[in-house]
Amino acid sequence: MIDRMVVGEVPRKHHIQHRGPDGALRWEHCITQDGFEGAYTIGYHVDRPHEQELVPSSDEITPRGWIVPQHGAPPPPLLKRHYRSGSLTHKGGTPLDARVPLLASPEVVCSVAFPDRDDDVYFVDGDADTLVFVHEGGGTLRSLLGDVRFGRHDYVFVPRGIAHRFQLSGPQHWLVLEFQGGMHIPKQFRNGLGQLRMDAPYCHRDFVRPDFRGPLDEGIRDTVVKRRDGFHTFRTRRSPLDLVGWDGTIWPWAFPISAFQPRVSSIHLPPTWHGTFAAKGALVCSFVPRKVDFHPEAIPCPYPHSSVDVDEILFYVEGNFTSRRGVGPGSISFHPSGIPHGPHPGSYEKSIGHADTSELAVMLDCAAPLTPTQIAATIEDEGYQRSFVA
């Protein structure tokens, strides 16, 4: 997705024999997207990667994973909504089990999570690419392709189909985005060779790459696979993290939101200029501290607008949110299409003359309508819609 990496021991050409020092044949493992037409990574295992035994559900002590939102329910009343994610009572557990979906469509699921212990199994999401924004916390994403260290205010990307587990350091508070159609770098940020352009809002060096260390045995033999919204546990006789090397463009990474380079204009720029990552029917935007509009008659505060084709989620991280009052770190605003939204009373006029903003936030624009889950209602600010009436 970013570029090609080659690490460890790989043969001089793909699909040919690769043997270890003892003469044993390595097992080539192709991880592909879009059939065989898209991005791919090829890894080389010591043992057969497809020797798995399904663990019957009756043998498991507790079900794994999270409650997947069901679609088709009648939509709730059309309102601007505000959720206080920090007040969620469902906290704790491993990252695999701690996820709590709040807003969902068939293409995108937005969740929060407060995990408090390391994953005790490996996890493979066969349905979606996952992007985690680490509001609080840090640790290591351990994967088939290597370790990715992450910290506070980092994005962490896990491609679908990659076995991984999270190891945590300190209290955690995450925003988790699932993209059923995959996630990618916006095409306008690449040149004809696929390299990130010099005028892109970040460069190749900003991405924290996996640190590959060769075969690893942590004693874990169970892997949970999510496919078609179901969670299935498989058991292997040996460690699945037995790669001696790999070559490809599918790999996990971390990206600090502070590395995003904001645009500045004489007049207010639309949110697309803050676009960071793209997905099928969705755009992830990063709002970082920056200079604001410098036209002598500029109004720095966002103007009221009607997004007739897009639902908008905004996750507030820290700083002074010029257009909003009553929100704070961990707040999530949800503005559905069909009704106009904009700044709170007084914010529009008050912003005139400001030279910069300290806001830090993550925004998600979605083409498919989002539906709040039942648990979202338990943390909703019921007065949010009325707060826009002067």
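Under the condition of being hydrophobic (A, V, I, L, M, F, W, C) and in a loop (DSSP other than H, G, I, E, B), which residue from region 150-166 is nearest to the chain's Cα centre (by Cα)? Can you show your working first?
The initial filter retains those residues of region 150-166 that are hydrophobic (A, V, I, L, M, F, W, C), namely 150, 156-158, 162-163, 166.
Those left that are additionally in a loop (DSSP other than H, G, I, E, B): 162-163.
On the way: Ile162: 14, Ala163: 16 Å.
Top of the filtered list is Ile162.
I'm checking my understanding of the structure. Among residues of region 266-285 that are out of contact with any His (no Cβ under 9 Å at 6 or more places or on another chain) and of a type in the set (S, T, N, Q), which one is surrounded by the fewest Cβ atoms within 10 Å (Cβ to Cβ)?
Ranking the candidates gives Thr272 first.
Within region 355-383, restricting attention to residues that are touching a Gly at 6+ places or on another chain (Cβ under 6 Å) and closer than 15 Å to Asn320 by Cα, which residue is surrounded by the fewest Cβ atoms within 10 Å (Cβ to Cβ)?
Restricting attention to region 355-383, the residues satisfying the condition of being touching a Gly at 6+ places or on another chain (Cβ under 6 Å) are 358-360, 367-368.
After this cut, where a residue has to be closer than 15 Å to Asn320 by Cα as well, the list is 358-360.
On the way: Ser358: 12, Glu359: 18, Leu360: 21.
My answer is Ser358.
Evaluate the following for Thr89: is it under 24 Å from Thr236 (Cβ atoms), assigned to a loop (DSSP other than H, G, I, E, B), in contact with a helix residue (DSSP H, G or I) (Cβ under 9 Å, 6 or more places away or on another chain) and at pLDDT below 95? So that I can check it myself, show each step before the final result.
On the way: under 24 Å from Thr236 (Cβ atoms): no; assigned to a loop (DSSP other than H, G, I, E, B): yes; in contact with a helix residue (DSSP H, G or I) (Cβ under 9 Å, 6 or more places away or on another chain): yes; at pLDDT below 95: yes.
No.
Determine which single condition Ser105 fails, assuming it passes every other condition in (1) in contact (Cβ under 8 Å) with a residue 60 or more places away in the chain; (2) small (Gly, Ala, Ser); (3) closer than 20 Å to His173 by Cβ.
Failed condition: (3).
Is there a residue in region 246-265 that is surrounded by 19 or more Cβ atoms within 10 Å (Cβ to Cβ), among the polar types (S, T, N, Q) and under 20 Å from the mean Cα position of the chain (by Cα)?
no
Tally up the residues in region 257-297 that are touching a helix residue (DSSP H, G or I) at 6+ places or on another chain (Cβ under 9 Å), of a type in the set (S, T, N, Q) and at pLDDT below 95, please.
Final tally of qualifying residues: 1.
Residues checked against (1) over 20 Å from Arg160 (Cβ atoms); (2) touching a strand residue (DSSP E or B) at 6+ places or on another chain (Cβ under 8 Å):
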{"position": "Gly43", "(1), (2)": "no, yes"}
{"position": "Pro49", "(1), (2)": "no, yes"}
{"position": "Glu53", "(1), (2)": "yes, yes"}
{"position": "Pro63", "(1), (2)": "yes, yes"}
{"position": "Val68", "(1), (2)": "no, yes"}
{"position": "His71", "(1), (2)": "no, yes"}
{"position": "Leu78", "(1), (2)": "yes, no"}
{"position": "Arg84", "(1), (2)": "yes, yes"}
{"position": "Ser87", "(1), (2)": "yes, no"}
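Hey, could you check region 306-354 for residues that are touching a Leu at 6+ places or on another chain (Cβ under 7 Å) and surrounded by fewer than 16 Cβ atoms within 10 Å (Cβ to Cβ) and say which is nearest to Val389 (Cα to Cα)?
Step by step, filter region 306-354, then rank; the result is Ile339.
Could you check how many residues of region 355-390 are under 21 Å from the mean Cα position of the chain (by Cα), assigned to a helix (DSSP H, G or I) and of a type outside the set (Gly, Ala, Ser)?
First, the residues of region 355-390 that are under 21 Å from the mean Cα position of the chain (by Cα): 359-373, 375-376.
When the remaining residues are screened for being assigned to a helix (DSSP H, G or I), the result is 375-376.
Narrowing further to those that are of a type outside the set (Gly, Ala, Ser): 375.
Total meeting the criteria: 1.
Being in contact with an Asp or Glu (Cβ under 9 Å, 6 or more places away or on another chain), of a type outside the set (Lys, Arg) and not in a loop (DSSP other than H, G, I, E, B) narrows it down to one of Thr41, Thr62, so name that one. Quick ask: steps written out before the conclusion?
Numbers: Thr62 fails: not in a loop (DSSP other than H, G, I, E, B).
Only one candidate passes the filter, namely Thr41.
Which of (1) surrounded by 18 or more Cβ atoms within 10 Å (Cβ to Cβ); (2) out of contact with any Asp or Glu (no Cβ under 9 Å at 6 or more places or on another chain) is the odd one out, the single condition Gly23 does not satisfy?
For Gly23, the exception is condition (1).
Restricting attention to region 187-214, and to residues there that are assigned to a loop (DSSP other than H, G, I, E, B) and among the hydrophobic types (A, V, I, L, M, F, W, C), which single residue is nearest to Trp273 (Cα to Cα)? Spell out the reasoning first.
Let us first name the residues in region 187-214 that are assigned to a loop (DSSP other than H, G, I, E, B), namely 191-195, 197-203, 207, 209-210, 212-214.
Then keep just the ones that are among the hydrophobic types (A, V, I, L, M, F, W, C); that gives 193, 198, 200, 203, 207, 212.
On the way: Leu193: 23, Met198: 16, Ala200: 11, Cys203: 16, Phe207: 20, Phe212: 34 Å.
Applying the filter and picking the extreme gives Ala200.
Filter region 176-215 down to the residues that are small (Gly, Ala, Ser) and farther than 28 Å from Ala104 by Cα, then identify the one that is surrounded by the fewest Cβ atoms within 10 Å (Cβ to Cβ). Break it down into steps so the answer makes sense when it comes.
Initially, region 176-215 is screened for residues small (Gly, Ala, Ser), giving 181-182, 192, 194, 200, 214.
Going one step further and asking which of them are farther than 28 Å from Ala104 by Cα, we end up with 192, 194, 200, 214.
Details: Gly192: 6, Gly194: 12, Ala200: 17, Gly214: 14.
Among those that are small (Gly, Ala, Ser) and farther than 28 Å from Ala104 by Cα, it is Gly192.
Considering only residues of region 104-134 that are farther than 19 Å from Val224 by Cβ and surrounded by fewer than 24 Cβ atoms within 10 Å (Cβ to Cβ), which is nearest to the chain's Cα centre (by Cα)? Let's see the steps before the verdict.
First, pick out the residues of region 104-134 that are farther than 19 Å from Val224 by Cβ: 104-108, 110, 112, 114, 131, 133-134.
Remaining after also requiring surrounded by fewer than 24 Cβ atoms within 10 Å (Cβ to Cβ): 104-107, 114, 131, 133-134.
Details: Ala104: 14, Ser105: 15, Pro106: 16, Glu107: 13, Phe114: 15, Leu131: 1, Phe133: 6, Val134: 9 Å.
Taking the candidates together, the pick is Leu131.
With touching an Asp or Glu at 6+ places or on another chain (Cβ under 6 Å), of a type in the set (Ser, Thr, Tyr), more than 30 Å from Glu9 (Cβ to Cβ) and not in a loop (DSSP other than H, G, I, E, B) as the only criterion, which of Thr233, Thr272, Thr276 stands out?
Only one candidate qualifies: Thr233.
The values are calculated or read from the model by the stated rules, or taken from the named source; none is laboratory data. Here the structure is a predicted model, which is why all the values come from computation and not from measurement. Note that we place each Cβ from the backbone using ideal geometry, even for glycine, and neighbour counts take in every protein chain shown.
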